[in-house]
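J.: This structure is in structure tokens; I'll ask about it shortly.
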């Protein structure tokens, strides 16, 4: 509001002044606050209604709702009785479905997973317990349990007060995979499937289906006389890790003679050393779909990589594992197998040669490089991949070739090992890792 006040007359002239004094804007502020408050309330109602519709109306219910709107409006506009009847029937179906979703389900659901890690083929089960914590009888319900992209569902009969039932869910483990389970949910809905309301129980859990692995010989291939290495159980006449003194033997280097002990004992004594080695195993697992003729070939290749990695970690060797798209996080044997459980083939132009170059860049100090590929990778590409390996690094290529007798051969400094399945790996690599 604007108020106008006239000025006062003075001697010697008249001065007229028009001013706008501080006004009382409380009414305007009050109106604005009420409008904003009602706007927020309306917005909240709309959001809640949309959330209810999105969470409650199924795909089938949306189709019926569309028929109800089009039939009713179209029938009124075109005076078409049949169309109007169709719309009214659809609307009645929706109205009759509403009571089935009202209220709050009183069931309680708990899930007990037998274990979060299993090996391919081993059983994995989840125990789902549905209980009635109230003192009254509860009507039947439906319980759903998401397992990856699939959903397992079972009917719960009427439960008396304090009663419970148990359902055993068998989880498929025929293939290496990572299953995300849950959360379990109770479902309330009409028999036609137009509306449904759910309530979730618990948290998501992850089940890792690990690849099978085979025990291998110790990894003893390492870089000799490395200042950053550790002492091995192999004795040597020349190295950096002193072991003990021993009696001189014909042929020993005179520079190794320990003169103080020789003077004290009267016998030539020489220094004995322990070989110091630095072990760093690099594994390149090809995930290029074109490198494998079948899915089973790739599964065997993953098991080969897992066996090599577990052996290296068990022997306390440094380890780097790469695929064409990423490096696997290495912290423990279990973490390595968790990572391998989710590895899949991919359509990529990056072949084993590019993988070998990535391995050399990621781990330039690697002492043993192992490339794991399928049957479609030829010798020429293996030779090119070997040329990307850092100089002085021992290199092994393991090819999975079903139907072929396990064998090994050399292409210059590259050792090529062919296996038919995982059971062939320990025999094929015997002596190759040391």
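J.: Among the candidates 365, 431, 409, 403, single out the residue that is surrounded by fewer than 17 Cβ atoms within 10 Å (Cβ to Cβ) and over 22 Å from residue 300 (Cβ atoms).
T.: 365
J.: For the subset of the range 335-391 comprising residues that are in contact with a helix residue (DSSP H, G or I) (Cβ under 8 Å, 6 or more places away or on another chain) and in a strand (DSSP E or B), which member is nearest to residue 173 (Cα to Cα)?
T.: For the range 335-391, the residue satisfying everything is 346.
J.: Next question. Looking at the range 386-400, which of the residues that are farther than 18 Å from residue 219 by Cβ and without any contact (Cβ under 8 Å) to a residue 60 or more places away in the chain is farthest from the chain's Cα centre (by Cα)?
T.: 391
J.: Test each condition in (1) closer than 30 Å to residue 428 by Cβ; (2) surrounded by fewer than 16 Cβ atoms within 10 Å (Cβ to Cβ) for residue 116 and report the one that comes out false.
T.: All conditions pass for residue 116, except number (1).
J.: Residue under question is residue 337, and the condition is that it be crowded, with 20+ Cβ neighbours inside 10 Å, over 14 Å from residue 218 (Cα atoms) and either at pLDDT below 95 or within 15 Å of the chain's Cα centre (by Cα) (or both); does it hold?
T.: Yes: the conditions hold for residue 337.
J.: Could you identify the single residue in 270, 304 that is under 22 Å from residue 379 (Cα atoms), touching a helix residue (DSSP H, G or I) at 6+ places or on another chain (Cβ under 9 Å) and surrounded by 14 or more Cβ atoms within 10 Å (Cβ to Cβ)?
T.: So the residue among 270, 304 that is under 22 Å from residue 379 (Cα atoms), touching a helix residue (DSSP H, G or I) at 6+ places or on another chain (Cβ under 9 Å) and surrounded by 14 or more Cβ atoms within 10 Å (Cβ to Cβ) is 304.
J.: Return the residue satisfying two criteria in turn: it lies in the range 200-219 and is buried (at least 17 other Cβ atoms within 10 Å of the Cβ) and at pLDDT below 95, and of such residues it is farthest from residue 308 (Cα to Cα).
T.: So, considering only residues that are buried (at least 17 other Cβ atoms within 10 Å of the Cβ) and at pLDDT below 95, the one farthest from residue 308 (Cα to Cα) is 201.
J.: Scan the range 77-132 for residues that are farther than 30 Å from residue 299 by Cα and in a loop (DSSP other than H, G, I, E, B) and jot them down.
T.: 79, 80, 102, 103, 104, 105, 106, 107, 132
J.: Quick one: in the range 321-334, which of the residues that are in contact with a strand residue (DSSP E or B) (Cβ under 8 Å, 6 or more places away or on another chain) and not in a loop (DSSP other than H, G, I, E, B) is surrounded by the most Cβ atoms within 10 Å (Cβ to Cβ)?
T.: Out of the qualifying residues, it is 321.
J.: Have a look at 352, 370, 343 and point out the one that is farther than 15 Å from residue 414 by Cα and touching a residue at least 40 places away in the same chain (Cβ under 8 Å).
T.: Of the residues listed, the single one that is farther than 15 Å from residue 414 by Cα and touching a residue at least 40 places away in the same chain (Cβ under 8 Å) is 343.
The values are calculated or read from the model by the stated rules, or taken from the named source; none is laboratory data. Worth saying up front: this structure is predicted, and the values here are computed from it rather than measured. FYI the Cβ positions are ideal-geometry reconstructions off the backbone, even for glycines, and counts take in every protein chain you see.
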